[in-house]
Amino acid sequence: MKKKIAVITVVAIAMYLGGCADDYKSSGDAGPDGGDGLISLMTGEHALTEDAVLAISMAPDWLRPDMRANLTTLEDDIQNSLSALMLDLEDPQMLDEVAFCIGHISPTQLASEGFYTELITDNVESLFLIDEEIVYADIVDYGDPLSDDDYYSTVEYAIQIDGVDDVIEMDREYYYWYIVFPVIEDEMSTYINPASGMVADPPDGRFWRDYLFWEADDTYTPLVDYLAGQEYVWKGKSYDKDDNGAIGNIIQWVVDSLDFTSDSERPVQPVRIYAKHYGRCGEHSDLSSAAARSALIPSINLAAWANDHVWNEFWDQRWVQWEPVNTYVEHYYYYADADGNYHRSGLGIDNDCDLDVDEGCDLADPTTDSDTDGYTVAQGDCNDHDDTINPGETEIAGDFKDNDCDGVADDGTDTTDNDGDGHTIAEGDCNDAAGSIYPGADEMTPSTNRNFAVSAWRGDGKVWTVTDRYAGEFTLDVNVTDANDDPVDGATVMIAGYSTTYPDNPGISIVTWGITDLDGRASFLLGEANKYYFRVESAIENIPAADNTVDDLLEDPIKGETRTFDVKLTSAIPAVTVNELGFSESGEWGIELTWDMTGFFGGNNYFIKTLMRDPADGLLNMYFVDEANKAAFESGEAFDAIGVWELVYEPGGATVAVDPALGPYYLIATPASLSGIVDLDITGSVLQNGSEVAAEQFTVPVVHNDFAAVRFEIIP
């Protein structure tokens, strides 16, 4: 009997391994007649180098798709330089942090001229040195990086609430994104000369983590000294930097390090900001996040661009507002309602002394005790942000607080008009420490300065809205489709608004932006009672067509509602023309396929144009063709396919009967999206009379505007 050989060859333009056609070979499973399966992985436009494949194999399993997606789009020399960080790493405990950075720093930065690959390991080494210095936090590892596929790290914190000590552990996502990650917002992750603010080789060039923590100019003190001996990350105090844990120490360091002023230079690099020792809210926001992350505390930058203000949040079991320049912690901003009035949100303040707290205001959950004093707002706590105020407290003289929630602060203890509002406590002033609180005051003060949106910024360039934490909000879903009503993914949707923040100079201002997902949707939480505009920029068309222009979107939305806005482009996503022939599942010879997939969609940051990616289930088209029709597909011509599969988020499989004389056959895979990268896990088996002759398994990253092909050849 003649020997039968089944040959399975990957010939893709998006391959798992680069190199020449015969660089890598592996025997398939032997069939009943002893047939051999051979596999050759060939390089293409988007491929991974051998070093990249080895580096990815060293990463935790949950980070491998991210590394593949980032590395496969980069040039070979950049792949190898980044992979060397993993391959040459002396301390395996750093593998997960290094892998996370390689897999998530925007490829725009990784490929830029000013990026230093060694900064990634320098950053992690500095992080571990700081961990040894800090008392209130510890980096903890789960699993063995040399043996466990799912090993990871995070941080444990010591906290103190109402004199009670506790230890909490942070979600690992926050550890990697908001402590480990070497990019805060819109700055380049690189070494900066403090004196010039320009990129420079070390040692003249410095990275912000170790520079801020360990060093200081004359007459200034390094952050490490402010944190020395500190036992707690935060003590839960609002509006207070004294005896308030590491958060209080960092507030003091920022206040001592920066004056609130500026000149013509507005740096975004924390190293340069610290060296200049002054800046406005933008510089304070950047330096505050850099200091917190240096001190192992997650921090993000927040912005209300249309209201011309930025600030921060840190994490302690929740995201907590803070703004060191004003010694603010848990300060919530005024926002306008539909009547043009504005008020604070959820602070439990009775401005007009009528015993009703925040009537008409946007309160936090009244059934949640957020100050943990045993009382909720629903149970009569008239300030659920202060544990010294509740119906069970005894009035304390001279603290300007209504401790017992009877409607009067310091009842009968003071006849002095301490805040100069014309009313004393003896005359019913329920807070004689605040000039805006007295009998007859407005609970809400008229204003035209409405909040449009509050946006958070991730280091890879992603932006999303957290307006619900600060203002009365509505939900806006923007759906972008092409001329054929197919969803357009990866489009940047910019929202603008008519801002009157400066009444003498009103006008249209950027509010926020987002990226459409694989369903063509971008969702926003926006402020109520405003007029909005939009702009869409995509790979196939911009609307409006002219640069730096916007179209009308909507006006006067109502708090709590959901609005949907559809944008239909006049252009169509390029598509192939395929004629599905149909296939038989019986015959002497067959090809059995099983597959699964994970993926990403991506888009550009509207301000700085860096590419960001987010996980997605994956969209993929696959075609089973002979050699002639593969050539037609590659040429952009109409082609015939024995099998066609449109894969939407789910695994699957199929068996196709084939005629060896008409081979070789190819399984072609291409993303059904404009921005997607799909990890295709596929097993291909050659069957003879239903029995497996050869089989191979591949993990192939398939890049948008590209394809991968698996080659099957049967030699009877």
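Only Cα sites of segment 455-568 enter the Debye sum here, all with the same form factor; the resulting log10 I(q)/I(0) across q = 0.15 1/Å is -0.65, listed in q order. Phi angles across segment 551-559 convert, under the Karplus curve 6.51 cos²θ - 1.76 cosθ + 1.60 with θ = phi - 60°, into 3J(HN,Hα) values of 10, 4, 10, 6, 8, 6, x, 9, 3 Hz, Gly and Pro given as x.
Exposure proxy for 196, 264: other Cβ atoms within 10 Å of each Cβ, ordered fewest to most, give 264, 196. Here the residues 388, 376, ranked from fewest to most Cβ neighbours within 10 Å of their Cβ, fall in the order 388, 376. Phi-derived couplings, Karplus 6.51 cos²θ - 1.76 cosθ + 1.60 at θ = phi - 60°, listed residue by residue for segment 110-127: 4, 8, 7, 5, x, 8, 10, 4, 5, 4, 4, 6, 4, 4, 5, 4, 5, 4 Hz, with x used for Gly and Pro. Just to check I understand the Karplus step: with θ = phi - 60° and J = 6.51 cos²θ - 1.76 cosθ + 1.60, what whole-Hz values come out for segment 701-716, glycine and proline as x? Result, ordered by residue: x, 10, 9, 3, 6, 8, 8, 10, 9, 9, 9, 10, 10, 10, 10, x Hz.
Rank these for me by crowding, 589, 62, going from fewest to most other beta carbons within 10 Å. Walk me through the intermediate numbers first.
Numbers: 589 20, 62 15.
So the ranking, lowest neighbour count to highest, is 62, 589.
Restricting to DSSP loop positions (anything but H, G, I, E, B) with no more than 15 other Cβ atoms inside 10 Å of their own Cβ, which chymotrypsin sites (Phe, Trp or Tyr not before Pro) remain in segment 250-286? Let's see the in-between values first.
Details: sites: 253, 260, 274, 278; in loops: none.
Answer by residue number: there is no such site.
Taking the three principal axes of the alpha carbon atoms in segment 123-318, the coordinate ranges are 49, 42, 38 Å, sorted in descending order.
When the C-alpha to C-alpha distance is required to be over 22 Å, the pairs from 235/559; 235/462; 462/609 that qualify are 235/559; 235/462.
Where a number appears in this text, it was derived from the coordinates with a stated rule and is not lab data. In this text the structure is predicted, and so the values were computed from the model without any measurement. Cβ sites come from the backbone with ideal geometry, for glycine too, and all protein chains shown count toward neighbours.
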